[in-house]
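Every read-out reported here was derived from the displayed coordinates using simple, explicitly stated rules and does not represent laboratory data. Please read these numbers as outputs of a predicted model, since none were measured by experiment. Don't worry about glycine lacking a Cβ; one is built from the backbone with ideal geometry, like all the others, and counts go over all protein chains shown.
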Amino acid sequence: MRRTVLAVALAVLLAGCGGGGGGGATATTSSSGDGATDAPLRMGTKNFPEAVLLGELYAQALQAKGVRVVLKPNIGSSEIIHEALTGGALDIYPEYIGVLLSEVANDRLRPVDPRAAYRAAKAFEERQGFTLLAMTPFSDSNALAVTPGYARKHGLRTIADLRRVPGTVRVGAPPEFATRFEGLVGLGQRYGLRNLRATPLTIGRQYRALDSGRVDAAAVFTTDGQLVDKRYVLLDDPRKVFGTQHVAPVVSRAALRSHGPQLAQVADAVSKRLTASAMRRMNAAVVLDGRDPRAVADEFLRGANLK
Amino acid sequence: MTRAREGDRRVRRTLRTPITTRVVLLSATASVLVGTVLVVLIVAVTGQRDAARSAFRSQEALTAGNQLEKSLITIENGLRGFVASGARSRERFLQPATRALAAYPRDLSRLEGLVADDPGQQQRVDQIAVAIDDYVRLWARPLIELGKTRPDSARSVVVTNGGRERLDGINREFASLFARERQVIRSREDRAEQRSSRAIGFGVGGLVLVLILTAAVTLYLRRAVVRPVVTVAEATARLASGELSARVPIERHDELGDLARGFNAMADSLEQNRAELERSNAELKRSNAELDQFASVTSHDLQAPLTTISMYAELIERRHAADLNGGIALVDGIRSATQEARTLIRDLLEYSRAGRRPLALEEVPAGELVGRALEALAGPITAAHAQVTVDALPVVTADRASVTRVFQNLVGNAVKFTAGRSPDVAIGAEPAGRMWRFWVRDNGIGMEPADAERIFAPFKRLHGEEAYPGTGIGLAICERVVAQHGGRIWVTSEPGAGSEFSFTLPAVEG
């Protein structure tokens, strides 16, 4: 009897102690790579698939070499992302040289020659404490695309032919198209086109808008994956409204200093491999096949021995 | 058979532990039980308080999160208004956005502090913090700058460049944070609820257990302590009433077992003593009877030769007085010695008869008996010029001759043992319960208190026969007579101040 009472008391005691709830502290330890500085490199990208892909390519290659990179994809158009760069929220982002000159440097009479354009852009950036790393072999120029049917109907071959189209030509394009020189502004100035009206679309949507007839023409990029199979007609640009658009990373000189020569070496090595065909293939994989840009970039870098 | 023995062994083992140890163990168990119940209740109350506190924290976290969301919406709306409106009204839109931009880090750090105890939530808040930071640094601030320098560009950018999408993403993260926080609140409340109901259960159960234990202890004490004590008390009462064979069963090995054993040993010893007493009493009676018989026979048988000797001594004196010359004195010696021996033998016979002869009891006025005794002592009283006063005396149940003899002996002694002055003797009586106490008081020589007992023994004399003649058997006879009547006799005295002899006789019934 007495043993039973003791056992019960003991059980009660033990039950009272239980149920306190453990919840051990979780210690998270992070080991940095052997990069030269503590602060990671803050890399941004513009807000369309090719830009995101470029960000993955540069970032992964740098990470493979031990540089700590924080990638912020999809930030916005050049106007915004460059503002973020100069405001100190970013250290680096890949930019199209033509857009940089026309929209950021406000240089409407930019050189037609890619090398001259590169020098001009670099000079512009260096005045503000930034610089350009090496540019890519590929150029993703802006262009106007129409469906083959529409081209046949109005006898379109060049942009100038759009003047013959009766009524309004609806152009599906990113919102900034309306205010850019490489947009309605330049087209009006160089070709005297007054019948164009911009329909703002997120980049990448314009092909579907063309297919559905919501727009008559679309502002596209020459490296778009959709252009691989000749389903669309690109209109010639004899008066050179759309400049060449080679890509080069814009980087703050402070970041360049703190991360050492390795940063420029790795980025330049990546840029050198980015040909037009390589870009178009990768764009098709991302946009048409719906693959993860991270995986596509990884595959490319491994193939190019950059990772 | 086997089972019974086993049970027996178990009982013995349990009962071998001292009661003190058992009581201490029981109290300790009860204390532990009560203490445990208290501890459980305290734990439950603490748990509930903690739950309330953390629920309050969670509520605060929800509030801080909502505040943050509101700040972000303010910023985004301000940005849109700022970008969309003309130069004159844009500052109006920018001001709230700027204020919200300045205020949000405080809300964020408050939120971070409030979820610091939940790693999962902490991670969510970290993600939200990064998203908000990105929104502010990569979208809001650049857009403001752009709006200031190039309003047209800013206006075109704001249409599709995803400020809204970013906010929606942040809001989704907030939603998951809030859902998780609400879930935390609910589960904490559930747990506290569960714990408190369990504590109530434990408390009630513990109290019931304590009550049961108390009842068990009471029953146990009754069984283990009170009942055995009562058994011993009953046996003691039986023993006191003379039933010396009373014993208690010994079935324990604790303090009460010791008590029972002690009682039994005492009873054993008492019983044995009484048996011995009875045996020696019987022995004594038998030898007394033999002695009495012997004395009676001897004194009776001695009387005849003594008479013969006395007769021959008389004949010698009568017939040969002339021949004897001086020898006649020798014959006188023989005669007086013979007389003395006869007196002695007479007294001895009387003593041996006293107490053996059946009493002829009758109701008799004691005054009458005293009167006879004084008549018989008229000679010595007159000779000693004694003054005898007799109070009114009661009627008693007594044997006439024997009690007369008692008065006669006592008054005779009072008259005999004078201290040179004329004796003053007082006789009286007073009731003493169902008896009467009679006294015979004198102003004689008295005696030492140490002698007061001895003088009632046969042939016990305090003085030489030359000083006060007598055989020393009178008081012994008185003692026997009084004892045969169921009374007792004693003396209180002081040397030189006289003595008071008292004896008791039964009063007349009714």
### For region B:98-181: span of alpha carbons on each principal axis (Å, largest first)
47, 23, 14
### Query
Based on Cα positions only, what radius of gyration and what Dmax would you give for region B:66-143, in angstroms?
14.1, 48
### Query
Which value does Rg/Rh take for region A:150-231 over its C-alpha atoms, Rh per Kirkwood?
0.94
### Query
What does the charge dipole of chain A about its Cα centre add up to, to the nearest 20 debye, if the Cβ of each Lys and Arg holds +1 and the Cβ of each Asp and Glu holds -1?
520
### Task
Restrict the search to region B:408-510; then list the GluC sites (Glu not before Pro) that DSSP places in a loop and that have at most 11 other Cβ atoms within 10 Å of their Cβ.
B:GLU453, B:GLU465, B:GLU466, B:GLU509
### Message
Largest first, please: the extent of the C-alpha atoms of region B:174-309 along each principal axis, to the nearest Å.
### Response
154, 20, 17
### Summary
tail above 24 Å in the computed P(r) of region B:377-501, as % of all Cα-Cα pairs, reads 23
### Query
Rg(Cα) of region B:451-510 divided by 2.2 N^0.38 Å?
1.29
### Query
Within a Cβ distance under 9 Å of A:THR222, other residues only, what is the Lys/Arg minus Asp/Glu net charge?
-1
#### Entry: Where trypsin sites (Lys or Arg not before Pro) fall in DSSP loop in region B:420-481, at most 11 other Cβ within 10 Å
B:ARG421, B:ARG434
### Task
Determine the dipole magnitude for region A:100-232: charges of +1 sit on the beta-carbon of Lys and Arg, -1 on that of Asp and Glu, nothing else is charged, the reference point is the Cα centre, and the result goes in debye to the nearest 20.
560
### Summary
quick shape note, region A:46-113: Cα extents on principal axes in Å, largest first -> 41, 27, 20
### Message
To make sure I understand the rule: partners must be lysines, Cα under 26 Å from the Cα of A:LYS65, and not fewer than 8 residues away in the same chain. Which ones qualify?
### Response
A:LYS46, A:LYS122, A:LYS272, A:LYS307
### Query
Check B:ALA419: other-chain or 5+ apart residues with amide H under 5 Å from its amide H, H built from backbone geometry?
B:ILE445
### Query
Computed over the Cα atoms of region B:316-457, what is the convex hull's projected area averaged over all directions, in nm²?
12.5
#### Entry: Total charge dipole magnitude, the protein assembly as shown, about the Cα centre, Cβ charges on Lys, Arg, Asp, Glu only, Debye to nearest 20
7520
### Task
Sort region B:332-398 into rounded, prolate or oblate with this rule: let a ≥ b ≥ c be the square roots of the eigenvalues of the Cα gyration tensor; rounded if a/c is under 1.5, and if a/c is not under 1.5, prolate when a/b is larger than b/c, oblate otherwise.
oblate
### Which of B:ILE316, B:PHE503, B:SER27, positive extreme of dipole for the protein assembly as shown (C-beta unit charges)
B:SER27
### Message
Rounded, prolate or oblate for region B:256-388? Axes are the square roots of the Cα gyration tensor eigenvalues, ordered a ≥ b ≥ c, and the cut-off for rounded is a/c under 1.5.
### Response
prolate
### Message
Let me make sure I get this right: for region A:229-293, a, b and c are the square roots of the gyration tensor eigenvalues over alpha carbons, sorted descending. Under 1.5 in a/c it's rounded, otherwise prolate if a/b > b/c, else oblate. Which is it?
### Response
oblate
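First select every other residue whose beta carbon is under 14 angstrom from the beta carbon of B:GLU494; then total the charges, Lys and Arg +1, Asp and Glu -1.
-3
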### Summary
Binned at 10 Å starting from 0, the alpha-carbon pair-distance distribution of the protein assembly as shown in whole percents comes out as 2, 9, 11, 10, 7, 5, 5, 4, 4, 4, 4, 4, 3, 4, 5, 6, 5, 4, 2, 1, 0, 0, 0
### Partner chain coverage, peptide B:269-275 - average Cβ within 10 angstrom
0
### Query
Taking only DSSP H segments of four or more residues, each worth -39500 (n - 2.57), what value at 222 nm results for chain A once the sum is divided by all its residues, to the nearest 500 deg cm²/dmol?
-11000 deg cm²/dmol
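Going through region B:32-104, which trypsin sites (Lys or Arg not before Pro) have at most 16 other Cβ atoms within 10 Å and a DSSP loop state?
Numbers: sites: B:ARG49, B:ARG53, B:ARG57, B:LYS70, B:ARG80, B:ARG88, B:ARG90, B:ARG92, B:ARG99; in loops: B:ARG88.
Sparse-neighbourhood loop trypsin sites (Lys or Arg not before Pro): B:ARG88.
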### Task
Could I get the Rg over Rh figure for chain A? Both from C-alpha atoms, Rh via Kirkwood, rounded to two places.
1.23
## Note on the structure
If one builds a Gaussian network model of chain A from Cα atoms under 10 Å apart, the most fluctuating residue listed among A:ARG253, A:ARG280, A:ARG115 is A:ARG115
### Task
Using only Cα atoms, locate the centre of region A:115-149 and the centre of region A:87-109, then give the distance between them in Å, rounded to an integer.
8
### Task
Considering the options B:TRP139, B:ILE75, B:ILE170, tell which one lies farthest towards the positive end of the dipole of chain B, charges being +1 on Lys and Arg and -1 on Asp and Glu at the Cβ, about the Cα centre.
B:TRP139
### Query
Of A:PRO249, A:PRO114, A:ALA218, which is farthest along the charge dipole of chain A in the positive direction, counting Lys and Arg as +1 and Asp and Glu as -1 at C-beta?
A:ALA218
### Task
Output the direction-averaged projected area (hull surface divided by four) of the convex hull of the alpha-carbon atoms of region A:152-288, in nm².
10.1
### Task
Provide the convex hull volume over Cα atoms per residue for region A:49-193, in Å³.
136
